[in-house]
Amino acid sequence: MRKRALAAAAAMLMLAAVVAKALMLSTTAQPIEQDEAVAEKLTQTYVTYMPEPVIRQEEPERDMSAWTETAAYIAKAVYGEAMVCGTTERAAVVWCILNRADDARDATPAGVIAVVTKPYQFHGYAADHPLLPELEELALDVIERWLDEKDGETEVGRVLPREYLFFTGDGKHNHFRTEWDGGQVWDWSLQSPYEE
């Protein structure tokens, strides 16, 4: 039984070799007579369209060097306004400052500094406050989110809506409002991107 199976397999291999040889000869042999339509069809070259691969380039990282001085001013304001508060509440102070810059239609580094240093606006700001790295880093983070929003992004991690331009503190927390005297008080309903 085993010999028969081996013989059959050998016969199949020989038949495959003969068919392969015949196919090779038939493709290289010149046809004796062809009509013009068949000859033209045989000489046509077919090109398959292969689209170019899509290479997604990552967005270049934003150059924040123009905003470092501004972040220092904001950090000193946060030091005086929200040092006893958590990160989200500190970020809300930064957003409030940036909301004011938007309200003044001056969303530039100089415009934001003018908002921070304007008399009788942010009582917690003082030029001689220490510049704490964590507050400066938070200020730069919020500024970058704000700039992303200006570039059209919608989910940037805002913790304070743009209509909140004012706040008062009670020594433990700041209460953000839409009006200087009265208005709607912020209810902290936005999800914070910061871990407390």
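Couple of notes before you dig in:
- Test: residue in the range 166-187 that is open to solvent by 40 Å² or more (accessible area, probe 1.4 Å) and under 13 Å from A77 (Cβ atoms): yes
- On inspection, L190 passes the criterion of being farther than 23 Å from R105 by Cα, touching a residue at least 24 places away in the same chain (Cβ under 8 Å) and surrounded by 14 or more Cβ atoms within 10 Å (Cβ to Cβ).
- Criterion violated by K150 - all others in (1) within 20 Å of Y73 (Cβ to Cβ); (2) open to solvent by less than 60 Å² (accessible area, probe 1.4 Å) satisfied: (2)
- Qualifying residues in the range 125-143 (those that are within 12 Å of V78 (Cα to Cα) and charged (D, E, K, R)) - the one least open to solvent (accessible area, probe 1.4 Å): E136
- Counting only residues that are open to solvent by 50 Å² or more (accessible area, probe 1.4 Å) and either at pLDDT below 95 or of a type in the set (D, E, K, R) (or both), the range 109-124 holds 5 of them.
- Lone qualifier among D128, D141 - being under 28 Å from the mean Cα position of the chain (by Cα), at negative phi and at pLDDT 95 or above: D141
The values are calculated or read from the model by the stated rules, or taken from the named source; none is laboratory data. The model shown is predicted, which means the values in this text are computed figures rather than measured ones. All Cβ positions, glycine included, derive from the backbone under ideal geometry; neighbour counts span all protein chains shown. Note: accessible area is taken over every heavy atom of the protein model, side chains too, but ligands, DNA and RNA are not part of it. Shrake-Rupley method; radii C 1.70, N 1.55, O 1.52, S 1.80 Å.
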